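Asks: The structure's right below; bear with me while I get my questions together.
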C-alpha cells in the first residue's frame with residue numbers, strides 16, 4: 001500500500017518514489033527511459049543507475065523499511081515549545097499552556113518517543129529542555145530524531161507533529177496569542193500512540 005512519497009532516487013533526480021513496502025515506482029512526470037542499474041524494471045528520466053542498485057541506496061531502503069516496520073510498535077511525536085507547551089514570551093519562557101504537560105506525560109507514559117521540535121537554540125533551547133524536565137518530560141530527541149540515519153535532511157521524521165502553527169491544529173486564545181488546545185489535541189495524540 002502506498003501512503004505517499006517517502007523518498008526519491010538521487011541518481012534519477014526524483015523520478016523514482018520509494019513506497020512503504022520498500023518498492024520503487026516511477027514518478028508520474030518522469031520521461032520513460034529504463035534505468036540501466038535496475039535490470040530494466042524501474043524507469044529513470046536520466047538513465048542513471050537507480051539508487052536501489054547502489055550500496056548506499058540499498059542501505060537507505062533497508063533502514064527506511066526497518067524504521068517503517070517499527071512504526072506500529074512505537075510512535076514518534078515531534079512537539080513544538082512556544083505556543084504549544086508554553087505561551088509565547090520568547091526569549092523568555094511563558095506560562096504553561098493549560099493541559100500541555102499533563103497530556104505530554106500521558107504520551108510519554110504510553111510509550112511514545114518524544115522529540116522537542118523548536119526554533120530555540122543555545123541557551124534558550126537549554127532553558128526549554130530544563131523547563132520540560134522540571135515537569136517530568138524527558139525527550140528522546142531535541143531538534144533531532146536519534147534513529148534518522150537514512151536521511152540527512154534537516155526535517156526530522158516523526159509520525160505526528162504537534163505545533164500551534166500547523167494548519168488545522170486546534171488552538172485557543174491564551175494571553176496574547178493562540179496556543180494549542182490540548183483538550184482536543186491530547187486525546188487525539190494519545191489515541192495515535194495507543195492504537
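The values are calculated or read from the model by the stated rules, or taken from the named source; none is laboratory data. None of these values were measured; they are calculated from a predicted model. Ideal geometry is used to build each Cβ from the backbone, glycine not excepted, and the neighbour counts take in all protein chains shown.
Asks: Does residue 105 satisfy the condition of being modelled with pLDDT of 95 or more and out of contact with any strand residue (DSSP E or B) (no Cβ under 7 Å at 6 or more places or on another chain)?
Replies: Yes.
Asks: Checking the condition in contact (Cβ under 8 Å) with a residue 12 or more places away in the chain, more than 23 Å from residue 181 (Cβ to Cβ) and part of a helix (DSSP H, G or I), which residue from 107, 125 passes?
Replies: None of the others qualify; the one that does is 125.
Asks: Same structure, new question: Identify, please: which residue in the range 149-174 is surrounded by 14 or more Cβ atoms within 10 Å (Cβ to Cβ) and modelled with pLDDT under 90 and is, among those, farthest from residue 193 (Cα to Cα)?
Replies: Out of the qualifying residues, it is 174.
Asks: Filter the range 130-177 for residues that are more than 19 Å from the chain's Cα centre (by Cα) and outside any loop (DSSP other than H, G, I, E, B) and give the result.
Replies: 130, 131, 132, 133, 171, 172, 173, 174, 177
Asks: Could you tell me whether residue 168 is in the same structural domain as residue 120 (by TED's automatic domain parsing) and at positive phi?
Replies: yes
Asks: Would you pick out the residues in the range 131-184 that are within 11 Å of residue 116 (Cα to Cα) and in contact with a helix residue (DSSP H, G or I) (Cβ under 8 Å, 6 or more places away or on another chain)?
Replies: Within the range 131-184, 132, 137, 138, 139, 142, 143, 162 qualify.
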